[in-house]
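Right, one structure below, let's go through it.
The values are calculated or read from the model by the stated rules, or taken from the named source; none is laboratory data. Owing to the predicted nature of the structure, the values given are computational and were not obtained by experimental measurement. All Cβ positions, glycine included, derive from the backbone under ideal geometry; neighbour counts span all protein chains shown. Note: areas computed on protein heavy atoms with side chains; ligands, DNA, RNA excluded. Shrake-Rupley method; radii C 1.70, N 1.55, O 1.52, S 1.80 Å.
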Amino acid sequence: MTPALPSLPVTLRDRRADDLPTLTRWLTDPGAEWRRWDAPYFPAAGTTRTMEAYAEYLAAHGPDADEQVIDVDGVVVGMVNRSEEEPEGGGWWDLGILIYDPAYWGGGVGTRALSLWVQDTLDWTDAHVLTVTTWSGNERMLRLGQRLGFRECARVRQARLWEGERYDSVQMDLLRGEWRGLPQP
């Protein structure tokens, strides 16, 4: 049984070689629950190929400052990433978070991990604005962004089709000056 999640330490750290089997298993499992929430509207076969290629990339390359694993009490449960939007030096960074293991959903792990990532991004980049992009079917991600102070800045209505229903694409932003700092654990 998993201990109460809020009591567990959530850290972000560089990926290590011994993380690869866990990451590869979660990334390449076509039946993984995270796929129902992270852009499920893309064809499953294409996502599987993309994730297999990504797992191979991780195995062939060392850690990247723009990507960290989410570690909960010594267990790798997901990853965060960031990329600078063009043009370079413009101060716009897009953030991503994915917690692979559903046992770690809904207990504050995502809030802690993304808040640490926001702080890291503000500490180590020239970021003036941070964005996260999701879809209206991922209510947990929308609430997470709101908890951290992100605001909706773009919505493309009915842009995503999944299981016969239309969903909106949603982007949220946070300005450097709006960041309230890391929430207390």
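Looking only at residues that are without any contact (Cβ under 8 Å) to a residue 12 or more places away in the chain and outside any helix (DSSP H, G or I) in the stretch 131-158, which one is farthest from TRP34 (Cα to Cα)?
ARG157
Across the stretch 151-160, what is the total count of residues that are on the phi < 0 side of the Ramachandran plot and either open to solvent by 90 Å² or more (accessible area, probe 1.4 Å) or not hydrophobic (A, V, I, L, M, F, W, C) (or both)? First the steps, then the outcome.
Filtering the stretch 151-160 for residues on the phi < 0 side of the Ramachandran plot gives 151-157, 159-160.
Restricting the remaining residues to those that are either open to solvent by 90 Å² or more (accessible area, probe 1.4 Å) or not hydrophobic (A, V, I, L, M, F, W, C) (or both) gives 151-152, 155, 157, 160.
Here the count works out to 5.
How many residues does the stretch 113-127 hold that are open to solvent by 10 Å² or more (accessible area, probe 1.4 Å) and closer than 13 Å to PHE150 by Cα? Outline the logic, then answer.
Taking the stretch 113-127 and keeping what is open to solvent by 10 Å² or more (accessible area, probe 1.4 Å), we get 116, 119-120, 122-126.
If we keep only those that are closer than 13 Å to PHE150 by Cα as well, we get none.
Total satisfying the criteria: 0.
I need the full set of residues from the stretch 83-92 which are farther than 11 Å from ALA127 by Cα and either touching a strand residue (DSSP E or B) at 6+ places or on another chain (Cβ under 9 Å) or in a strand (DSSP E or B) (or both), in order please.
Listed by number, the list holds a single entry, GLU86.
Looking at LEU174, LEU182, LEU148, LEU98 in this structure, which one is closer than 30 Å to ASP18 by Cβ, surrounded by 14 or more Cβ atoms within 10 Å (Cβ to Cβ) and not small (Gly, Ala, Ser)? Give the steps one after another, and end with the answer.
Details: LEU174 fails: closer than 30 Å to ASP18 by Cβ; LEU182 fails: surrounded by 14 or more Cβ atoms within 10 Å (Cβ to Cβ); LEU148 fails: closer than 30 Å to ASP18 by Cβ.
None of the other options fit; the residue is LEU98.
In the set THR121, THR125, which member is over 15 Å from the mean Cα position of the chain (by Cα) and in contact (Cβ under 8 Å) with a residue 24 or more places away in the chain?
The unique qualifying residue is THR125.
Looking only at the stretch 66-94, count every residue that is loosely packed, with under 14 Cβ neighbours inside 10 Å and under 15 Å from the mean Cα position of the chain (by Cα) and tell me the total.
Qualifying residue count for the region: 1.
Any idea how many residues of the stretch 12-28 are among the basic types (Lys, Arg), touching an Asp or Glu at 6+ places or on another chain (Cβ under 9 Å) and either part of a helix (DSSP H, G or I) or open to solvent by 40 Å² or more (accessible area, probe 1.4 Å) (or both)? Step through it out loud before you land on a result.
In the first step, residues of the stretch 12-28 are kept if they are among the basic types (Lys, Arg); the result is 13, 15-16, 25.
This time we only want the ones that are touching an Asp or Glu at 6+ places or on another chain (Cβ under 9 Å), so: 13, 15.
Cutting the leftovers down to either part of a helix (DSSP H, G or I) or open to solvent by 40 Å² or more (accessible area, probe 1.4 Å) (or both) gives us none.
The number of residues fulfilling the criteria is 0.
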